[in-house]
Amino acid sequence: MSITLCYLSSGNPNCRQSGNIVDISQAINFEAVKASNPAAAELLNLSAFLAPDNIPYELLLLGKAHLGELLSQALADAPENELVLPELLEELTRYSLIRLETDYRYSIHRLVQEVLRDVLKEAEQQWQARVIEALNQAFPSPKFENWRQCERLVEQVQVLIEENSLPVSAALARLLNETGYYLDDQGRYVEVEPLYLKSLELKRKQVGGQHLDIAITLNNLACLYRAQGRYSKAEPLCLQALQMRRVLLGENHPDVANSLDNLACLYRVQGRYREAEPLSIQALQVNRGLLGENHPNVANNLDNLALLYDEQERYAEAEPLFLQALYMRKALLGETHPDVAISLNNLGALYIPQPSPRRPACCSNRVRTLLRRHCRSNQPVHRRSS
């Protein structure tokens, strides 16, 4: 009996949705695809384990080494040969199994997925593992210049945590953490927490308690809770990450400086300035000693220390640090980088008229021009630690 007949005979109610009848017998002609193009059939199988809408081509092209022997061989010449992937997809569109979208993406009908996943149930973890490895290969470091690529893949990552039994792997833990980091940068906090928590769970299963990978996710989760104002949840995670890094790396390491600075920021937003200042100064000193005077991490430390002084109305100490951070970020990252916008926001807020006689006037024509240009970009002025 064919896949289609087996599925229809099961009486699955999704086959006969009222007002939206889908002719499954016509759509799922899987045997025909398998006979004419086995690699296209493998691609269809893989697609059953992806989010159904807007599947980006780069997931297949960048992750091709992890898609199984048949599909990997079929995509071996891509992307140099631009016709390889479109020809595979064309085979599936002939039978209405997928739909081509704009911007190098395609979609698969949810009922087609349901049929295929039922048939492939015994091999489910194998296919999930392929998806995870391919996504991990395709998902870039969540830096500003990679945000567009991250956004195209986010939906595919998010659907993974809805699965009941995923294979435990370092690739999945890394993928969830990096995706969470990207979404955190976008301020999409509600979407971030389940990714970080799942990543932390997986890492603990793999490597136990004391490990640098665990410290990374503890640190990121603490920063998320700080941004949400959940300070009582953030502090123990910050302290755990700091202690773990100290034990594993020693006092003199950029990751330890990162934890020190994050703990200082947490104390600052709670008004615990006396506790925050020595931590912030120590983080700056460590990074200057290890990375030199001109480094993005040093700029972050300067900006956060300036915020600490600003909130205490120590404006004469805050202003030069804000300016150093701004000029360093412009030189190292370029004028369009979000960290430059953060510096401009923070510096602009310093010059907002206040009833305090100690608040400085805008210091120079150069900074005044930068601030005006930033205001024209229609970005909101807000105070943010980096």
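The values are calculated or read from the model by the stated rules, or taken from the named source; none is laboratory data. All of these numbers come straight from a predicted model, not from anything done at the bench. No Cβ is skipped: glycine too gets one built from the backbone with ideal geometry, and neighbour counts run over all protein chains shown.
Scan the stretch 182-239 for residues that are farther than 21 Å from His253 by Cα, part of a helix (DSSP H, G or I) and small (Gly, Ala, Ser) and the total you get is 4. Here Ala48 clears all of (1) among the hydrophobic types (A, V, I, L, M, F, W, C); (2) modelled with pLDDT under 85; (3) touching a helix residue (DSSP H, G or I) at 6+ places or on another chain (Cβ under 8 Å) except the condition numbered (2).
Within the stretch 45-57, does at least one residue satisfy the condition of being surrounded by fewer than 18 Cβ atoms within 10 Å (Cβ to Cβ), free of Cβ contacts under 8 Å to residues at least 24 places away in the same chain and not acidic (Asp, Glu)? No, that holds for no residue. Residues considered: Leu92, Leu100. Of these, the only one that is more than 17 Å from Ser165 (Cα to Cα) and in a helix (DSSP H, G or I) is Leu92.
So that you can scan it fast, the table gives a plain yes or no per residue for (1) out of contact with any helix residue (DSSP H, G or I) (no Cβ under 6 Å at 6 or more places or on another chain); (2) in a helix (DSSP H, G or I); (3) closer than 20 Å to Leu62 by Cα; (4) in contact (Cβ under 8 Å) with a residue 12 or more places away in the chain:
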| position | (1), (2), (3), (4) |
| --- | --- |
| Ala134 | no, yes, yes, yes |
| Pro142 | no, no, yes, yes |
| Gln149 | yes, yes, yes, yes |
| Leu160 | yes, yes, yes, yes |
| Ser165 | yes, no, no, yes |
| Val168 | no, no, no, yes |
| Gly180 | no, yes, no, yes |
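Scan the stretch 269-296 for residues that are part of a helix (DSSP H, G or I) and within 18 Å of Leu221 (Cα to Cα) and the total you get is 1.
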